[in-house]
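Encoded as structure tokens, the structure appears first; notes follow it.
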Amino acid sequence: ETGVTQTPRHLVMGMTNKKSLKCEQHLGHNAMYWYKQSAKKPLELMFVYNFKEQTENNSVPSRFSPECPNSSHLFLHLHTLQPEDSALYLCASSQDSGVEAFFGQGTRLTVV
Amino acid sequence: AQSVTQLGSHVSVSEGALVLLRCNYSSSVPPYLFWYVQYPNQGLQLLLKYTTGATLVKGINGFEAEFKKSETSFHLTKPSAHMSDAAEYFCAVSDRLNTGTASKLTFGTGTRLQVTL
């Protein structure tokens, strides 16, 4: 595997469920990101991790809980979500010496 | 704070015609600028980037963009559209200031390109 891999690709969950999204990057990058892509809205940066440390949380509700155990893996733990949280969740990574981010294919989340 | 404005949420061109997707940005620091493409049910793929140096940058699939500081623009062009170019295109600006910090991208709202026969 190369690049940034996200699992699962699709997820349907009830509002009382707990689930996790997983992201793994095989690029040797130091920084990882979660973005939310909703219809008719710009991509929203949710969290930034650099060298496993969270460096940014863009006022994301606590029902979204990120975890970065190492520079290659990033998780987004979900609990008691709302229907408006339905979106495409994109993971990305970048090298600290570079500027561009490389994206995974995303997880399409539907909250019912 | 940085921002990106993409004029036109939908653009339709005929196959073989010129593609022009517009992007204007605002940035308090010298910008790093990007164009990404997203095909249905896929993530974002980098088309091209401007960091420093030559203001006309070439990317994949025959696309290019020109950084014009005086106009705060970074429009994306392709001389001849192909059916396979139909996708959503996102312009982005980075506010990374220093090596060792994470690169945070601010995206525009995207432009959906339709290519017709």
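Using only the alpha carbon atoms of the protein assembly as shown, find the Kirkwood hydrodynamic radius as the inverse mean reciprocal pair distance, in angstroms to one decimal. Roughly 18.1 Å, rounded to one decimal. Split the accessible area of the protein assembly as shown by element, probe 1.4 Å, and carbon with sulfur accounts for 51%. Computed extension length for B:Ser12-B:Thr55: 12.8 nm, one decimal, from 0.36 nm per residue of separation with the Cα-Cα distance subtracted. Note on A:Lys22 and A:Thr7: the model spin-label points, each 7 Å out from Cα along the C-beta direction, lie 0.4 nm apart. Listed as lacking a disulfide-compatible partner in chain A: A:Cys68, by the criterion of no other cysteine Cβ under 4.7 Å. Amide H to amide H, with H built 1.01 Å from N, B:Val19 comes under 5 Å of B:Lys78, B:Ser80, B:Ala81, counting only residues 5 or more places away or on other chains. Ranked by solvent-accessible area (1.4 Å probe, protein heavy atoms only, all chains present), the residues B:Ser103, A:Ser59, A:Ser65 order from largest to smallest as A:Ser59, A:Ser65, B:Ser103. In the structure shown, the pairs A:Lys22/A:Lys52; B:Lys49/B:Lys69; B:Lys49/B:Lys104; A:Lys36/B:Lys58; A:Lys18/A:Lys52 are assessed against 18 Å; a Cα-Cα span above that value is assigned to A:Lys36/B:Lys58; A:Lys18/A:Lys52.
Computed over protein heavy atoms with a 1.4 angstrom probe, the accessible surface ordering of B:Asp95, B:Asp85, largest first, is B:Asp95, B:Asp85.
Could you report the buried accessible area between A and B, both sides summed, computed with a 1.4 Å probe and given in Å² to the nearest 100?
Chains A and B together bury approximately 1900 Å².
The values are calculated or read from the model by the stated rules, or taken from the named source; none is laboratory data. Keep in mind the model is a prediction, meaning the values are calculated, not measured. No Cβ is skipped: glycine too gets one built from the backbone with ideal geometry, and neighbour counts run over all protein chains shown. Protein only, heavy atoms only, side chains kept; ligands, DNA and RNA dropped before computing areas. Shrake-Rupley method; radii C 1.70, N 1.55, O 1.52, S 1.80 Å.
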